[in-house]
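Remarks on the structure that follows.
The values are calculated or read from the model by the stated rules, or taken from the named source; none is laboratory data. This is a predicted model, so every value here is computed, not measured. Quick reminder, even Gly has a Cβ in these numbers, built from the backbone with ideal geometry, and neighbours come from all protein chains shown.
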Amino acid sequence: MNGSRIGTIMRKDVSEFARNPFFVFITLMVLVAWVAVFWFLPTSVDETIRVGVSQTDLGALLPVGDQTEVAGFALVSFPDEDELRNAVEQGEDGIVAGIDFPPEFVASAAGGGNPRVVLYVPAGIPAEQQTMVEGVIGEAAYALAGIPPPVNPITEAVVLGTDRVGDQVSLQAQMRPLLLIMVLMVETFALSSLIAVEIQQRTVVAVLATPVRVVDFLAAKGIFGIGLAFSEVALLGLLIGAFAVNAPAIVVILLLGSVLVTGFGMIAGSYGRDFMGTLMVAMLFMIPLMIPAFGALFPGSAPTWIQLLPTYGLVEAVVRVSVDGDSWRQIAPALLMLAGWGLAAFATGAFILRRRVAML
Amino acid sequence: MSTSPTPPPAPSIDVEGIRFSYGDTPAVDDVSFSVAAGEILGFLGPNGAGKSTTIKMLTGQLTPDAGSIEMLGMNMPGERQQIQERLGVCFEEKNLYLSMTGRENLVFFAKLFEVKDFEPEPMMERVGLSARLDDRVSEYSKGMRQRLMMARALVNTPDVLLLDEPTDGLDPVSAIAIRDLISQEAERGAAVLLTTHDMHEADTLSNRVAFINQGSILTIDTPEALKLAHGQRAVRIRTRDGDGIDDQVIPLDEADSAERIQTAMSADDIMTIHTEEATLEDIFVEYAGRGLA
């Protein structure tokens, strides 16, 4: 390989990329818009369930106000039933339900009666939240009646995996891998378009009629693609705080991710006939490659078929490092998977591009 | 003491019996020719005759199924890189970087050839594009792009020039400019292989022409020799005769030829005088049984 010639081709590619208004636009748009979206997302999860009550005469049995915000549950007092109902309907102050205790509740409950309590819930309330609020009403009645609940088991919670009680993953943190992958996908398209244009206009034929060898050409495209993808994803990573935890691991993950998408970019570029054709071919890769990142937004283990997708290792490694603070040893399986997919995609892309160029 | 005769210089391009097929379709079949330094060989044939496939084998884009190619004493494709360092190619398609300027295109290719201290200005001056040096190629006309293609083919001062239809579809001014450049390069000593289906271009530019049809070379010779061999040694003199036209074809090899010509020339109203040699197109039709179109 001839480093000087590879460098010359790469500088030409950078120049062409920088002069393409479309590439410049989507690159800047992605950086500005996604960074803005990221920082507008909530950085924490409010786990407190707020329930409104219209009766404050329950005294110490049902204290209202900030002092009740323990164990993720808070009671908020309302002066009358109408205001309570309105607050539930409008979802004011995060009120998820309202309990309208009747004036005779205390007397009736203390006397062992069955007072009628109205529970206001908004449409679409999760069933478990409604059950929980109904439990609160029952607890209050038992307490006022002076008798214990029928059963009072001692519960020991055993958390399997990372205990996130009180430390839920914010939407912002969940979005981080998705944004990183989306940037990589955009650069996949940019690289594939540049390659497709080079093939379509047959400028590669002119280049290969000089002393440049095919391997020099492939190396230039590969290094340019990896450099382009990595520089952009690293810049976005910096802007959204992806390097806050174990920066060296994140650098390695993003570099391997750049190798992966460069391989797919070379494949898409080899088959693209024009702008729309390249876009369509690139989309065939981009959609499945983004699925693992969407999967990270939802709790629970990913199905096996998602775990087999090439970008799963990338998402898994980013989440494990940046959210769970996992060590190199813990992310090793995900890294190995990502490296394997990356090398396979790059080798396939180079092979297909080489064949495509040879057919010109 | 006797002196041995100086051996003729080795040809810059020496092709022996090359064949190439696209799948089962033969494109070039047993083609042999040579081009000496400073010589222009015109490859004359219709579209699909095998001209571009031959050029592709000479540039190393395609490897012959059989036969051998020697250029500048080196084997293609065995010593492809060394040959390409001394090779200039002007492709049929205008494969320039459109988003780059003329200057950037030339400098880019000069760097690929590792030409030291390349200056694009004199080269652009040669092709009449110095005023458009820093304009993007996307703003160039077809003729300007073709001239830039020629300039690009010359950035490494090549010893062998392969020109694939360099004036195809150009306006007369651009075509003349490019033909002048080709002549200058041959005078400099470059071996030039010029493919064309323009009979006039082949006739005026080439030292020798090769007729190629359906992948095979039909004949190779100088244009003059071909025309003499296949034309008629005669002059046609047309004179006005009252309301009609007197059309005489006078053979040049007969005893009274001079007298007959003199008589015809003494007429008051000569309309035209032409030699009756064949055109290259006539000869091509005679060989190939079809025209160049």
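Does A:Ala332 count as surrounded by fewer than 21 Cβ atoms within 10 Å (Cβ to Cβ), in contact (Cβ under 8 Å) with a residue 12 or more places away in the chain and part of a helix (DSSP H, G or I)?
On the way: surrounded by fewer than 21 Cβ atoms within 10 Å (Cβ to Cβ): yes; in contact (Cβ under 8 Å) with a residue 12 or more places away in the chain: no; part of a helix (DSSP H, G or I): yes.
No: the conditions fail for A:Ala332.
May I ask you to verify whether B:Asp180 is surrounded by fewer than 20 Cβ atoms within 10 Å (Cβ to Cβ) and not in a loop (DSSP other than H, G, I, E, B)? Lay out the reasoning, then the answer.
Working: surrounded by fewer than 20 Cβ atoms within 10 Å (Cβ to Cβ): yes; not in a loop (DSSP other than H, G, I, E, B): yes.
Judged against the criteria, B:Asp180 is a match.
Quick check, is B:Ile69 among the hydrophobic types (A, V, I, L, M, F, W, C) and closer than 30 Å to B:Tyr140 by Cβ? The answer is no for B:Ile69. Every test in (1) modelled with pLDDT under 90; (2) over 28 Å from A:Trp39 (Cβ atoms) is passed by A:Gly265 save one, and that test is (1). Of the listed requirements (1) in contact with a helix residue (DSSP H, G or I) (Cβ under 9 Å, 6 or more places away or on another chain); (2) modelled with pLDDT of 90 or more; (3) away from chain A (no Cβ under 14 Å), B:Leu161 misses just one: (3). Scanning the stretch B:97-113 for residues that are buried (at least 24 other Cβ atoms within 10 Å of the Cβ) and more than 7 Å from every other protein chain (Cβ to nearest Cβ) turns up B:Gly102, B:Asn105, B:Leu106. For the stretch B:64-120, how many residues are assigned by TED's automatic domain parsing to the domain that holds B:Leu181 and at positive phi? Looking only at that region, the number is 3.
With respect to (1) touching a Ser or Thr at 6+ places or on another chain (Cβ under 6 Å); (2) part of a strand (DSSP E or B), the lone exception for B:Ala202 is condition (2). Could you say which residue among A:Ala234, A:Ala244, A:Ala249 is surrounded by fewer than 24 Cβ atoms within 10 Å (Cβ to Cβ), outside any helix (DSSP H, G or I) and under 28 Å from the mean Cα position of the chain (by Cα)? It is A:Ala244. Looking across the stretch B:239-273, the residues that are surrounded by fewer than 13 Cβ atoms within 10 Å (Cβ to Cβ), under 25 Å from B:Leu228 (Cβ atoms) and of a type outside the set (D, E, K, R) come down to B:Val249, B:Ala255, B:Ala258, B:Gln262, B:Met265, B:Thr272. Condition check: touching a helix residue (DSSP H, G or I) at 6+ places or on another chain (Cβ under 9 Å), surrounded by fewer than 20 Cβ atoms within 10 Å (Cβ to Cβ), more than 19 Å from B:Leu98 (Cβ to Cβ) and assigned by TED's automatic domain parsing to the domain that holds B:Leu41. Does B:Val173 satisfy that? Taking the combined requirement at face value, the residue satisfies it. B:Phe109: assigned to a helix (DSSP H, G or I) and among the hydrophobic types (A, V, I, L, M, F, W, C), yes or no? When the stated conditions are applied, B:Phe109 passes them. Can you tell me which residue within the stretch B:114-144, out of those that are of a type in the set (Asp, Glu) and part of a helix (DSSP H, G or I), is farthest from the other protein chains (Cβ to nearest Cβ)? Residue satisfying both the conditions and the ranking: B:Glu125. Candidates are the residues of the stretch A:198-213 that are among the aliphatic types (A, V, I, L, M) and not in a loop (DSSP other than H, G, I, E, B); the one that is farthest from the other protein chains (Cβ to nearest Cβ) is A:Ile199. Within the stretch B:147-169, none of the residues are farther than 30 Å from B:Pro64 by Cβ and part of a loop (DSSP other than H, G, I, E, B). Among the numbered conditions (1) under 30 Å from B:Tyr287 (Cα atoms); (2) within 14 Å of another protein chain (Cβ to nearest Cβ), the only one that B:Asn47 does not meet is (2). Of the residues making up the stretch A:164-177, at least one is in a loop (DSSP other than H, G, I, E, B), β-branched (Val, Ile, Thr) and modelled with pLDDT under 80.
Does the stretch A:311-318 contain at least one residue that is surrounded by fewer than 17 Cβ atoms within 10 Å (Cβ to Cβ) and either modelled with pLDDT under 85 or under 17 Å from A:Gly340 (Cα atoms) (or both)? Walk me through it before giving the result.
Applying the first criterion (surrounded by fewer than 17 Cβ atoms within 10 Å (Cβ to Cβ)) to the stretch A:311-318 yields none.
The answer is no, given that none of the residues of the stretch A:311-318 is surrounded by fewer than 17 Cβ atoms within 10 Å (Cβ to Cβ) and either modelled with pLDDT under 85 or under 17 Å from A:Gly340 (Cα atoms) (or both).
Kindly indicate the residue of the stretch B:50-68 that is among the hydroxyl-bearing types (Ser, Thr, Tyr), over 13 Å from the mean Cα position of the chain (by Cα) and within 14 Å of chain A (Cβ to nearest Cβ) and also farthest from B:Gly17 (Cα to Cα) among those meeting that condition. My answer is B:Thr59.
Residues of the stretch B:70-86 that are outside any loop (DSSP other than H, G, I, E, B), within 22 Å of the chain's Cα centre (by Cα), under 17 Å from A:Pro211 (Cβ atoms) and more than 7 Å from every other protein chain (Cβ to nearest Cβ): B:Met71, B:Met76, B:Ile83.
Going through B:Leu226, B:Leu193, B:Leu205 one at a time, which residue ends up being crowded, with 22+ Cβ neighbours inside 10 Å, farther than 23 Å from B:Phe91 by Cβ and in contact (Cβ under 8 Å) with a residue 40 or more places away in the chain?
Working: B:Leu193 fails: farther than 23 Å from B:Phe91 by Cβ; B:Leu205 fails: farther than 23 Å from B:Phe91 by Cβ.
The conditions single out B:Leu226.
Every test in (1) surrounded by 15 or more Cβ atoms within 10 Å (Cβ to Cβ); (2) more than 14 Å from chain B (Cβ to nearest Cβ); (3) modelled with pLDDT of 85 or more is passed by A:Ala36 save one, and that test is (1). Here is a check on your reading of the model: is A:Gly277 small (Gly, Ala, Ser) and at pLDDT 90 or above? Against the criterion (small (Gly, Ala, Ser) and at pLDDT 90 or above), A:Gly277 does not qualify.
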